[in-house]
Amino acid sequence: MTTSMADRSTATSPRGTGSRTTQLLGIAGIIGLVALILLSFFVAPSDDDQHDAVRMIFIHVPMAMLTYVAFSLTAIGSVAWLWKRSIWWDTVAHGAAEVGVMFCGLTLFTGSIWGRPTWNTYWDWGDVRLVTTLILFLVMVGYLAVRSLDGDTDSIATRAAVIGIIGAVNMPVVNRSVTWWSSRRTLHQKSSLTDGNLEGLTLFTMMFGLLVFSIIMAWMLIHRFRISWLERQVGEGDLSEALVARRAEAKVGFDAHGRTSK
Amino acid sequence: MLADAILVAAKDLRIEMRSRVTVSQVVPFAGLVLVLFGFALDANRPTLDLATSGLFWVTVLFVAIMAVQRSTAIETTDGARRALLLAGVEPGAVFMGKATAVSVQLLAVELVLTGGIVVLYDASIDEPLLLATTCIVATIAIAAAGTLMGALVAGVRARETVLPILMLPVLAPVLLGATRAFDDALGSVAVNGWSWLAMLAGFTIINIALGVLAYGVLLEET
């Protein structure tokens, strides 16, 4: 009795994208998130100037930092794809871009919520970091738009890789141009980590937030990577099956009257 | 490489001259946008004075999207892209030629638009040299980035919608730089237009370099 290709592929296909590592990361992420909420709302002190609004720092700053980590991974993966044609790195670049766009969107969203009580506005056009982050977000949305196009997987990967690199290369120019453009004094505070104003429990909670969101990002990246990898395998599997079928058809000849013959 | 680039640019411009799309469709579109901006801002003279530079360059960006789409379409129809590859023309030269052709078309439209803002918005040109240099440098930047983005979406079904999504965020520094330099040239805002022009020149060089390096990869892939 022969086993069909569909049966074989079902037998060898993984049942999910989870593993022991992702389970541990997921559990650590959930416990960390609960601990971060408790620390943020009940343990960390409020600020003299910003009062309770300062608690947004425990989410906003880690997300902003991880956005740049994710987009740097996309740029590195894009270079590796163009240079070595590494499918592994291309899959990393794609996954990191998706997770990065989500983190970037949340950074802009939480920043706006934070801006309302502290700056008295949701959005400040004179702020360099805000505007630069928005443009970066839009460039990476374009990257994902290219990724969603129909076509040959390798061709789409190459197009997306060029966008990933253009985004990374142009970002310093965007930053410089927005810096010059915002002639008004920026409302955005200096780097929360480097200006030395954070100390004690506030600094600890923010660093804890960074750790928790890093774990969550790693969990998301691993799952996204495995989904993309499986998608690519399915696509290639379909192609090989189609090739086998076409070759089988080619063995069937046609006589002078157009009738099929073995 | 230069000779090949000139050949490609001349080919694209000849096609545009014969089809008359720039004259019969793109220029009227640009003029229409200027008129509509006038309506949208309630023909308020002080507001128009402040917004003239921005409106000018936003119009140029809209026109650039059309020009790049046309430039890309020339290569995607009838297998022209493959013919270019088979002809042995260096991809960098193809990029330079196509970007030059788009630049020439955009500069022609900008000439008409400049007349438009003088007549319709009552703009006065205080520094013609700064205005002309800004037009040239910013246009090359737009054409270089646009040509590369055009190659990125060449041959895909949704290219008309994806191209603006890719082009416009990348061109944000051009909009900022060119608008500020124009503000100085038109005397509407007290800024140093020449320093903005230097930033624009930097952006232009980066995008030409990216285009020359990446265009070949895209030409073979798409």
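When the helices in the protein assembly as shown are scored as -39500 (n - 2.57) per DSSP H run of 4 or longer and the sum is shared across all residues, what 222 nm value do you end up with, to the nearest 500 deg cm²/dmol?
On the way: 16 runs with 371 residues, N = 484.
Only helices count here, giving -27000 deg cm²/dmol.
Work out the length of the dipole vector of chain B about its Cα centre, built from +1 on the beta-carbon of each Lys and Arg and -1 on the beta-carbon of each Asp and Glu, and round it to the nearest 20 debye.
Roughly 580 debye for chain B.
For chain B, what does the relative contact order come out to in percent, with C-alpha contacts under 8 Å and a separation of six or more?
28 percent
Taking the Cα centre of the protein assembly as shown as origin, sum charge times position over the Cβ atoms of Lys and Arg (+1) and Asp and Glu (-1), and report the length of that vector in debye to the nearest 20.
With only Lys, Arg, Asp and Glu charged at Cβ, the dipole is about 1320 debye.
Convex hull volume of the Cα atoms in chain B, per residue, in Å³?
It comes to 112 Å³ per residue, whole-number rounded.
Quick one: Karplus J couplings for segment A:154-169, per residue in order, coefficients 6.51, -1.76, 1.60, θ = phi - 60°, nearest Hz, x for Gly and Pro?
5, 5, 5, 4, 5, 4, 5, 4, 5, 4, x, 6, 4, x, 5, 5
Which cross-chain or sequence-distant (5 or more) residues have an amide H under 5 Å from the amide H of residue A:47, H modelled 1.01 Å from N in plane?
It is A:52, A:54, by chain and number.
In whole Å, what is the distance between the alpha-carbon centres of segment B:34-101 and segment A:111-159?
Result: 23 Å between the Cα centres.
Which of A:60, A:51 comes first, and how do the rest follow, when ranked by fewest Cβ neighbours within 10 Å?
Ranked by crowding around the Cβ, least crowded first: A:51, A:60.
Treating each Cα of segment B:1-76 as an identical point scatterer and ignoring solvent, apply the Debye formula and state log10 I(q)/I(0) at q = 0.13, 0.17, 0.24 Å⁻¹.
Scattering profile of segment B:1-76, log10 relative to I(0): -0.53, -0.74, -1.07.
I'd like to know which of A:109, A:227, A:63 lies farthest towards the positive end of the charge dipole of the protein assembly as shown, counting +1 on Cβ of Lys and Arg and -1 on Cβ of Asp and Glu.
Farthest towards the positive pole: A:227.
If you place +1 on the Cβ of every Lys and Arg and -1 on the Cβ of every Asp and Glu, how big does the dipole about the Cα centre of segment B:63-139 come out, in debye to the nearest 20? Write out the running numbers ahead of the final one.
On the way: 4 positive and 7 negative charges, 89 e Å.
Value, rounded to 20: 420 debye.
As a footprinting exposure proxy, order A:89, A:125, A:229 by other Cβ within 10 Å, with the fewest listed first.
A:125, A:229, A:89
Return the Rg/Rh value of segment A:7-144, two decimal places, where both radii are evaluated on C-alpha atoms and Rh is the Kirkwood radius. Don't skip to the answer; put the middle values down first.
Working: Rg = 19.2 Å, Rh = 17.7 Å.
Ratio of gyration radius to Kirkwood radius: 1.08.
FYI, it's all coordinate maths here, none of it is from the lab. The structure displayed is predicted, hence computed values, not measured ones. Note: ideal-geometry Cβ built from the backbone for every residue, glycine included; neighbour counts use all protein chains shown.
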